[in-house]
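See structure below.
The values are calculated or read from the model by the stated rules, or taken from the named source; none is laboratory data. Please read all numbers here as calculations on a predicted model, not as lab measurements. Counting neighbours? That spans all protein chains shown, and the Cβs are built from the backbone with ideal geometry, glycine included.
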């Protein structure tokens, strides 16, 4: 198989790659922060080119096609990096999640029998009684 192929390889099919935690996450990580164009779950956290990019050879333009990213905090301290080739990361699967979802829906039904074959039903449905925003799962792009 071709190691530099952009399609799945035998390594990807037989192992699960998780990142290495190399920094301290701030307490505010995962809280919803409102922005002018929507919301963000991780304010101040940004993607940069993975520091391992410098170790990739420049032959055949491989370094230019190296697309791994690292995650930094607002002060550009590394938080998450990809493991080196042949190693697995030290972070468990699904360790980071978005905010919890709390929902409370209610309904009220009153049935009145009009005759043996007919029944009148009055129904009230209330969705999101707590009136709090429930944001979707963050996009992974």
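Observations, loosely collected:
- Any hit, region 49-69, residues being at pLDDT 75 or above, surrounded by fewer than 10 Cβ atoms within 10 Å (Cβ to Cβ) and in contact with a strand residue (DSSP E or B) (Cβ under 9 Å, 6 or more places away or on another chain): yes
- Residue 117 being over 21 Å from residue 18 (Cα atoms), at pLDDT below 85 and out of contact with any helix residue (DSSP H, G or I) (no Cβ under 9 Å at 6 or more places or on another chain): no
- Residue match in region 3-25 (condition: modelled with pLDDT of 65 or more, farther than 15 Å from residue 82 by Cβ and in a loop (DSSP other than H, G, I, E, B)): yes
- Number of the exception - residue 130 against (1) modelled with pLDDT of 80 or more; (2) farther than 19 Å from residue 20 by Cβ; (3) in contact with a strand residue (DSSP E or B) (Cβ under 9 Å, 6 or more places away or on another chain): (3)
- Close pairs (7 angstrom Cβ cut-off, 6 or more residues apart or separate chains): within 20 Å of residue 42 (Cα to Cα) in region 119-141, surrounded by 10 or more Cβ atoms within 10 Å (Cβ to Cβ) and at pLDDT 80 or above anywhere: 134/103
- Matching residues in region 112-126 - criterion: being exposed (fewer than 10 other Cβ atoms within 10 Å of the Cβ) and either within 30 Å of residue 38 (Cα to Cα) or in contact with a strand residue (DSSP E or B) (Cβ under 6 Å, 6 or more places away or on another chain) (or both): 112, 113, 114, 120, 121, 122, 123, 124, 125
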